[in-house]
Amino acid sequence: MMPGGPASPLAQLVARCGTEVIVTDPTALEATAVDHRRLYRGKPLALALPRSTAEVSQLLALCNALRIGVVPQGGNTGYCGAATPDDSGAQLVLSLRRMRAVRRVDALNDSMVVEAGCVLAEVQQAAATAGRFFPLSLGSEGSCQIGGNLSTNAGGVNVLRYGMTRELALGLEVVLADGRVLSSLDALRKDNTGYDLRNLFIGAEGTLGVITAAALRLFPMPRAVATAFVAVPTVTAAVQLLADLRAASGDRVSSFELVPQLALDLVLQHIPGSRAPLGGGSPWYVLCELTSARAEDPLAAVLESALGTALEAGLATDAVLAQGERERREFWQLRENIPEGQRRDGASLKHDVSLPIDRLAAFTERASAWVAAEVPEARLVAYGHVGDGNLHFNLNQAPGLPAGALAARETAVKRAVHDLVREHGGSFSAEHGIGRLKVEELQRYASPVELDLMRAIKRAFDPNGIMNPGKVLPRA
Ligand code: 2HG
Ligand code: ZN
């Protein structure tokens, strides 16, 4: 810098916000530079660690004036690179990890207000302490943050009963790109006062503003639970079994997860201590759970009887109910460890797709046949939240091939899978968002009207394009 010339953007940030908030320590920066799947490596300008909404507001106003790109990062567990800075060295990573207060729990209103940096497990715990249930639940709940869950509209394993994160939010506090604060934390169930602004920020992946706090919806605590691991012959049978279980239980099904034999094998092989609940040899399994707020609901009997009927009808070929909480946890760990089993097995290509539930089987059949015929480099590991029509249609590299063999097919595979999804009336991004990974896919599959409106919203909320540039939409 020339003596007397303008200070660098970083120097101005430090001068205005202080070294307590603007961190430049290389070790701290390194931890923010790489995404969870290690698909991207960025080069952050610095890491901002504000302690309050007022500090976020001051920071964004300054970044807006200086045109510094801001990349919000929660627990950094996302799948699409939304929270990773680019490699320009000019983008500021913003973490709200110091803002993790539970501001209120209102048991009678079935709501709570939490700050965005709260880890999801802490939110669940705070609700439980008040005798209430916060149902969002996913594999990374021990490290993901509620701000990230809201910004990506996370799904998880209870969507079937309780909905995505969007359905669990009653209001938000958001800092806009210019530093103004928008707040709707009154936790109202009914509020028809004009456009629904809060829903624009949910799922926007930090491209429209920064969520700093949220009013969340709570539920009665589940007091009865019954969980089963079921072998099913086909995806069609799984879908029919779901419908039958919902009917037989008076709609008490809260989770219904599909697991193929190969996914189970990867967990058994790579995760020490895993144990197969059934004999094996079935192409598919279902992990299903019924829950009720009434402790005396005879869910195990209902589940057992419904599964008996399914076995007779050929919808299931074998089944086991969890005997107690320990076994229930074991069943769930098998399911939750699938991504880790996949990771330890080697390279993979992932597709987070959703279909209308009644078209799931047809899609799976067509797409699996395509993979079998056209991608000898892959083994198919398609699993997921069938109760929500959401399949993680993933491919792992087949054993014995040179590094990069499957990765070389990425573009062709993605195109074929997503085109088939479109043909079956589905979505190429069910619960993992767009981030950086699927920007081109959104341009390809969204309609011109949708893209026009998205661009207009982006311009209206963030005219200088400082909020998470290049994520969701290409840079203007
Ligand atoms: C899950 O359902 C996660 O386990 C991760 O959404 C899915 O790794 C994946 O593809
Ligand atoms: Zn999932």
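Values quoted throughout were computed directly from the atomic coordinates according to the rules given, and no laboratory measurement underlies them. Treat the numbers as computed from the prediction; the structure is a model and nothing was measured. Quick reminder, even Gly has a Cβ in these numbers, built from the backbone with ideal geometry, and neighbours come from all protein chains shown.
In degrees between 0 and 90, to the nearest 10, how far off the longest principal axis of the chain does helix 360-374 point, with axes built from Cα atoms?
Taking the Cα atoms of the chain, the angle to 360-374 is about 80 degrees.
5 Å is the cut-off here: which amide hydrogens, built 1.01 Å from N in the peptide plane, fall below it relative to D318, excluding neighbours closer than 5 in sequence?
HN-HN under 5 Å from D318: A231.
Counting helices only, and only those DSSP H runs with n ≥ 4, report the 222 nm mean residue ellipticity of the chain as the sum of -39,500 (n - 2.57) divided by its residues, in deg cm²/dmol to the nearest 500.
-10500 deg cm²/dmol
Report the Cα centroid-to-centroid distance between the range 1-74 and the range 166-219 in angstrom, as an integer.
Between the Cα centre of the range 1-74 and that of the range 166-219, the gap is 24 Å.
List the pair-distance distribution P(r) of the range 320-476, using every Cα-Cα distance, as the percent of pairs falling in each 10 Å bin from 0 up to the bin containing the longest distance, rounded to whole percents.
Here the calculated profile for the range 320-476 is 9, 32, 31, 20, 7, 1.
When only C-alpha pairs under 8 Å and at least 6 residues apart count, what is the relative contact order of the range 23-62, in percent?
37 percent
Using alpha carbons only, how many angstrom separate the centre of the range 401-473 from the centre of the range 230-306?
32 Å
Counting only DSSP beta bridges with both residues in the chain, tell me the antiparallel percent, nearest 5.
Bridges in the chain are about 90 percent antiparallel.
From the phi angles alone, apply the Karplus equation (6.51, -1.76, 1.60; θ = phi - 60°) to the range 313-329 and give each ³J(HN,Hα) in whole Hz, x where the residue is Gly or Pro.
Residue by residue, the range 313-329 yields 7, x, 6, 10, 10, 6, 7, 9, 8, 5, 9, x, 5, 4, 5, 4, 4 Hz.
At each listed q (0.13, 0.22, 0.25 Å⁻¹), what is the log10 of I(q)/I(0) that the Debye formula gives for the range 46-90 modelled as equal alpha-carbon point scatterers?
-0.33, -0.88, -1.04
List the residues whose amide H sits under 5 Å from the amide H of S255, counting only those 5 or more places along or on another chain, with H placed 1.01 Å from N in the peptide plane.
Residues meeting the criterion, in which the H sits 1.01 Å from N, are E289.
So what's the chain giving for Cα Rg divided by 2.2 N^0.38 Å, two decimals?
1.01
Tell me, what are the semi-axes, in whole angstrom and largest first, of the equivalent ellipsoid of the range 145-272 as set by the roots of 5 times the Cα gyration tensor eigenvalues?
36, 20, 13
Cα axis of helix 53-66 to longest principal axis of the chain: angle in degrees, 0 to 90, nearest 10?
60 degrees
Obtain the radius of gyration and the Kirkwood radius of the range 271-386 from its C-alpha atoms and give Rg over Rh.
With Rh from the inverse mean 1/r over Cα pairs, Rg/Rh is 0.99.
Net charge near G465, counting Lys/Arg +1 and Asp/Glu -1 over other residues with Cβ under 14 Å of its Cβ?
Around G465, the charge tally is +3.
In whole Hz, with x marking every Gly and Pro, tabulate ³J(HN,Hα) for the range 382-396 from phi via Karplus 6.51 cos²θ - 1.76 cosθ + 1.60, θ = phi - 60°.
9, 9, x, 8, 4, x, 9, x, 10, 10, 8, 7, 9, 10, 9
Give me the percent relative contact order of the range 78-160, please, defined on Cα pairs under 8 angstrom at least 6 residues apart.
Computed over the range 78-160, the figure is 22 percent.
A 24 angstrom limit on the alpha carbon distance is what I want to check against. Which of K414/K458; K350/K458; K350/K471; K190/K471; K190/K438 exceed it?
Those over the limit are K414/K458; K350/K458; K190/K471; K190/K438.
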